[in-house]
Amino acid sequence: MSTHARALTRLGFATLVLVALVMAANHVAARLAFDSGADVMTAVAVRSGVTGVATALLLVAQRVPLTLHARQWRALLAIGLLIGVQSIWLYSAVARLPVALALLAFNTYPLCTALWARVLLRQRLQRRLLVAMIVLLAGLALALDVLGASSGLGMSGQWQRMGVGVAFALAASLIFSLALVLTQHGAGDVDGRLRTCVSMAVAAVVALVVVGARGGFHWPGSTSGWWGLALLTLLYGTGITILLTVLPRLGVVGNTAIMNAEPVFALVLAWFILGQAIAPMQVLGALIVVGAVLWLGVRRH
């Protein structure tokens, strides 16, 4: 399969926008769980394990063939490992940053996808991609308030407060974009339900190993926290299943840009549910980032 984006139907476009909304709501729900005592590893283990079991039951009920080539199994195991690590790092960012900013830094993955395609598949970087990267970095600098002007903390104080969270989000972006490229080129012909099942099972094992090494689960300490844990599990399972099923058919380079609606959805939901707000200049930066990536990816063919 080609990595290049294909022309989107209205249904394909609407589906990716819906996934962006679902995944944004998932991260807001995760912050509810974290704020009431749940930790990152517990959230990743629960959501991945439940999603893996649910898709396994779906495979059995619908009698989906489970025969795979050795190459496909290797790709699925690698994808699962990458998604497990990405999940841990992204939730670590969400636990440390306002949800919208964590997702904004993470949603650089459409550009990272194009870079991985260049490195692994020798695809030429288009001029519009290079322009988009420059604009995106400028917008990201405003959104993250890298100079500390909006917060009044100065550069040193701002990065002392946000640096670890931003690093987690950007690292998660690199890992997730690699998983998307491997999904299309190593397992693009595998049934989406089977892809999700194996990937989530491996991600759950990764999380459970870390949970065991850290002394066990840390559960929410309030009703709202339990609702957050339940909702993040339901929303993530739904979103990742649709994403891993639909996106390889559409092409991962370019069409992933539509997912940059996610930080905008998160900004609204986090303000309404969590009371999180960011400065007007940061909102401007967020819009620049989203606009740059949409300009890159949403185009006529």
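Since every read-out is calculated from the coordinates, none of them should be taken as a lab result. Predicted model, so just to flag it, every value in this text is computed and none were measured. Using ideal geometry, Cβ is built from the backbone for each residue, glycine included, and neighbour counts are taken over all protein chains shown.
How do 121, 174 line up, fewest other C-beta atoms within 10 Å first?
Working: 121 12, 174 19.
Going from least to most buried by this count: 121, 174.
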Descending principal axes extents, region 10-297, alpha-carbon based, whole Å: 57, 50, 35
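Under a Cβ-only charge scheme (Lys and Arg +1, Asp and Glu -1), can you give me the dipole magnitude of region 10-297 about the Cα centre, in debye to the nearest 20?
Details: 17 positive and 6 negative charges, 150 e Å.
Roughly 720 debye, rounded to the nearest 20.
Expressed as cubic angstrom per residue, what is the convex hull volume of the alpha carbon set of region 33-171? Don't jump to the answer; show the numbers that get you there.
On the way: hull volume 20.6 nm³, N = 139.
Taking only Cα atoms, region 33-171 has a hull volume of 148 Å³ per residue.
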Exposure proxy order (Cβ contacts within 10 Å, fewest to most) of 233, 15, 183, 67: 67, 15, 233, 183
Global form of region 69-125, assessed from the alpha-carbon gyration tensor, a/c cut-off 1.5: oblate
Most positive-pole-ward Cα, 210, 271, 148, against dipole of region 10-297 from beta carbon charges: 210
Whether region 160-202 is rounded, prolate or oblate, judged on the alpha carbon gyration tensor where a/c under 1.5 counts as rounded: prolate
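Could you line up 96, 118 from fewest to most neighbouring Cβ atoms inside 10 Å?
Values: 96 20, 118 14.
So the ranking, lowest neighbour count to highest, is 118, 96.
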